[in-house]
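> Mind looking over this structure? Questions follow.
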Amino acid sequence: RHLPRRDVFFMKIDPYVKISFNGIEYTSVVRRRTYSPDWNQAFAFNFNGTTELVNGLTLALMDWDRFSQDDLIGFAYISKDSMRDILSQDTDWTETQTLTIKKDKQPVFGKDGLPSEITLQFRVKNPSEVKIISDGSGNVSWSDMLPK
């Protein structure tokens, strides 16, 4: 939310997010012409506790452009230590975090003058309770297999 004005001709931006963690990268869908996108997408990262954490979680917020290269709006980052804490939680643990989008280590400010933010929800699941779903384009989501 609170995304900046980028496109000269169309006024609003077409944001999407590239999410990378431990060598795996996903890309969200593009939300057209909005300053407050709502993706409501889930991305699964398999972590069995014995895998070495290579790095933290990186989110690159992008502006899709039809006729030129997509523009980088900024980054949000969760450190390796914070990801280790998240991944060490018990099954069914859930947490929501709101991160400030930064570029060149400075907050990005939206069209409304407020800092640009992205909100993530983390959910730790037991792999035997999760079904991984791929749409064939490299995007993967998950759904609970067991009834609640």
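> Run the numbers for T96 and W39: contour at 0.36 nm per residue of separation, minus the present Cα-Cα distance, in nm.
Stretched fully, the T96-W39 segment lengthens by 19.1 nm.
> Taking the Cα-to-Cβ direction at K18 and at T58 and moving 7 Å from each Cα, how far apart do the two end points lie in nm?
The two pseudo-label positions are separated by 0.8 nm.
> Using a cut-off of 15 Å between beta-carbons, work out the net charge of the residues near T119 (Lys and Arg +1, Asp and Glu -1, T119 not included).
That works out to 0.
> How large is the accessible surface per residue of the stretch 77-130, computed with a 1.4 Å probe and reported in Å² as a whole number?
Values: 3530 Å² over 54 residues.
Spelled out: the 1.4 Å probe surface of the stretch 77-130, per residue, equals 65 Å².
The values are calculated or read from the model by the stated rules, or taken from the named source; none is laboratory data. All of these numbers come straight from a predicted model, not from anything done at the bench. Neighbour counts are summed over all protein chains in view; Cβ atoms, including those assigned to glycine, are modelled from backbone coordinates with ideal geometry. These accessible areas exclude ligands, DNA and RNA; they are computed on the full protein's heavy atoms, side chains included. Shrake-Rupley method; radii C 1.70, N 1.55, O 1.52, S 1.80 Å.
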